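First the structure, in the form of C-alpha cells, and then the observations on it.
Since every read-out is calculated from the coordinates, none of them should be taken as a lab result. Since the model is a prediction, treat every value here as computed from it, not as a measurement. Cβ sites come from the backbone with ideal geometry, for glycine too, and all protein chains shown count toward neighbours.
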Amino acid sequence: MSNEQPKIPQATAKRLPLYYRFLKNLHASGKQRVSSAELSEAVKVDPATIRRDFSYFGALGKKGYGYNVNYLLSFFRKTLDQDEVTEVALFGVGNLGTAFLNYNFLKNNNTKIVMAFDVDEKKVGTTVGGVPVYHLDELEGRLHEGIPVAILTVPAHVAQWITDRLVGKGIKGILNFTPARLNVPKHIRVHHIDLAVELQSLVYFLKNYPLDKGEN
Ligand code: ATP
C-alpha cells in the first residue's frame, strides 16, 4: 500500500469507497463533472462534508462547474490501491462464508479471496466460487505474508482461537462477522460487523427515531 498519499482523516477515508463507486458509475454513463449537491443526493452525505472531504483530495470544486469526474476517479484509484490486489483468506465456509466466496467482491476489483478454511470434511478439498477450501490444520502452512487480511465467518466460540493463530502468522487486518469481541495486539486492525446487531439497531431506530419526511 502506498505511503505517498497525503494523510486523510479516518472519517473521510471511510467514505472514499462510497464516493468511488458512485463516480465510477457516473464516469461509465459518460458524465465529465458532478456538483456537490448531486453527489450529496446520491451518497446521502451532506454537501458541506463532501466539500471538506474533497478538499483533502486536492479537488477544488468550481462554482457552477462542480468537480471533475476524471480527476477524482484517478485520485480514488490511487488512494484505494485499485491497481494493487489485496489477497484475503476466509475462515468458515457456512452460509455467510459461502455467500462471500461466491460474491468475492468482484465489483471491487482490489480485493480477492484466494483461499478458505473450514473443519468440515465435506467442505475441505472442494472449491466454492472458484476458491479452494483447505482444512484449518493447514492454516500455518498455507497462509503467507502476501495475504494480509482475513474474514471470519466461523462460529463465535472458535473466533479468538483462530485469531490468535492468524496473529502468529502476521495477519494485518481482520473483518470479523462473528459476535465475538476479539483481543488482538495494538498493531492489528479488527473491523467488527455483527449483522444481527445492525439489523436490530435499524429496527430500533425506525421505531424510536422516525425520520421526518424529506429528511436525509
Ligand atoms: P453461517 O454462520 O455462516 O450462517 P452456518 O450456520 O452454516 O454458517 P456455523 O455453525 O456458523 O454454520 O459455521 C460456519 C462454518 O464454520 C461452517 O462451515 C463450519 O464447518 C465452520 N467451522 C466450524 N468450526 C470451525 C473452525 N474451528 N475452523 C474453521 N471453520 C469452522
What number, rounded to the nearest 500 deg cm²/dmol, is the helix-based mean residue ellipticity at 222 nm of the chain, given -39500 (n - 2.57) per DSSP H run of at least four residues and division by all its residues?
-12000 deg cm²/dmol
In nm, to one decimal, how far is the modelled label at D120 from the one at K31, with both set 7 Å along Cα→Cβ?
4.3
By how many degrees, between 0 and 90 and to the nearest 10, does the Cα long axis of helix 159-168 differ from the longest principal axis of the chain?
90
For W161 and Y209, what does the FRET efficiency come to when R0 = 45 Å and r is the distance between their Cβ atoms, rounded to the nearest 0.05?
0.70
Between 0 and 90 degrees, rounded to the nearest ten: what's the tilt of helix 69-79 against the longest Cα principal axis of the chain?
30
Filter K14/K186; K7/K169; K31/K78; K112/K172 down to the pairs with a C-alpha to C-alpha distance above 18 Å, please.
K14/K186; K7/K169; K31/K78
Expected unfolding gain across F22-T127 under the 0.36 nm per residue rule, minus the alpha-carbon gap, is 34.5 nm
The chain pair-distance distribution - Cα-Cα, 10 Å bins, rounded %:
7, 27, 29, 25, 11, 1, 0
By average C-beta atoms within 10 angstrom, highest first, the peptides 67-77, 39-49
67-77, 39-49
